[in-house]
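The values are calculated or read from the model by the stated rules, or taken from the named source; none is laboratory data. Bear in mind that the values here come from a model prediction, so they are computed numbers and not experimental data. A quick note on method: Cβ atoms are made from the backbone with ideal geometry, for glycine too, and the neighbour counts reach across all protein chains shown. Surface areas here come from the heavy atoms of the whole protein model, side chains and all, with no ligands, DNA or RNA. Shrake-Rupley method; radii C 1.70, N 1.55, O 1.52, S 1.80 Å.
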Amino acid sequence: MILSGTFFGYVLGILIAALCGYLLGSFNGAITSVYLLKHKDVREYGSHNAGLTNTLRCFGKACGILTLIIDLGKGAAAMALTQAINKALALAPLSEGNGSGADYRWLCYIAAVFVILGHVFPLWHKFRGGKGVLVGVSVFLVINPLMFVILMAIFGIVLWRSKYVSLSSCVATVSTIPLTFLIEWLLRGTVLPVTLLYTALIAVAAFVIVYSHRENIKRLKNGTERRIGEKKESVS
């Protein structure tokens, strides 16, 4: 293809990654599942957050499971679609310097940022979405499965000790920054400039997720944040 490896090819590759991420990210699992199964808007109940925890508390397991499927699936789908399109068009290859040759994984990191932005500020739902934790973790299923395993372990340990979903989410989210650097540079052998690029992109995504938890952080400081297992608000 004429654009392959050119400046405009890279620009087009980035735009494709951003669009795949943002448009798929804008399909919010909580809003969609609660509307389909209960004909209600999850943002009008409980914490008013369009996320898995509020969905489970207010609408039960069926809506929660469907939310989980949608939000995990859209993150993985955005990454896979980004790679598939750019590979098919031979756009924007980037060598990681670890023997992998022309690689399109870097565009998945860009798509990761935008799938989280889409989840938090969804185009289809008046820019009122969730907090991005579930979809943020799910993108590593495609771009770095080892990271996914580590993050789930961190989340589980903090949740076990604290019983706070929000705290567990923020700790796991912030952990992605140093872990991305260490895994890419030390384990995968990615060259330092590309490693720093990946780390910077993940830092942006992590900032969006932590910022979306600003009210939870305030409640944690005040001691008013709800622990998992506390009495929930049910909606028939």
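How many of the residues in segment 96-127 are part of a loop (DSSP other than H, G, I, E, B) and β-branched (Val, Ile, Thr)? Working first, answer last.
We begin by selecting, within segment 96-127, every residue part of a loop (DSSP other than H, G, I, E, B); these are 96-101, 104, 121-122, 126-127.
Then keep just the ones that are β-branched (Val, Ile, Thr); that gives none.
Counting residues in segment 96-127 that are part of a loop (DSSP other than H, G, I, E, B) and β-branched (Val, Ile, Thr) gives 0.
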Problem set entry | ALA76 vs. criteria touching a residue at least 40 places away in the same chain (Cβ under 8 Å), farther than 13 Å from GLY130 by Cα and assigned to a helix (DSSP H, G or I) | yes
Exercise. Counting residues that are touching a helix residue (DSSP H, G or I) at 6+ places or on another chain (Cβ under 7 Å), within 21 Å of ILE69 (Cα to Cα) and open to solvent by 20 Å² or more (accessible area, probe 1.4 Å), which helices (runs of 4 or more DSSP H) fully inside segment 128-236 reach at least 1?
Worked result: 133-138, 140-143, 145-162, 165-182
Exercise. Of the residues that make up segment 42-60, is at least one at pLDDT below 90, out of contact with any helix residue (DSSP H, G or I) (no Cβ under 8 Å at 6 or more places or on another chain) and of a type in the set (S, T, N, Q)?
Worked result: no
Exercise. Do we have any residue at all in segment 87-105 that's touching a Leu at 6+ places or on another chain (Cβ under 7 Å), at pLDDT 85 or above and crowded, with 21+ Cβ neighbours inside 10 Å?
Worked result: no
For this session: Scan segment 26-46 and report the pairs whose first residue is part of a loop (DSSP other than H, G, I, E, B) and whose second residue is of a type in the set (Val, Ile, Thr) and crowded, with 21+ Cβ neighbours inside 10 Å, with Cβ atoms within less than 6 Å and a gap of 6+ or a chain change.
Result: LYS40/VAL34
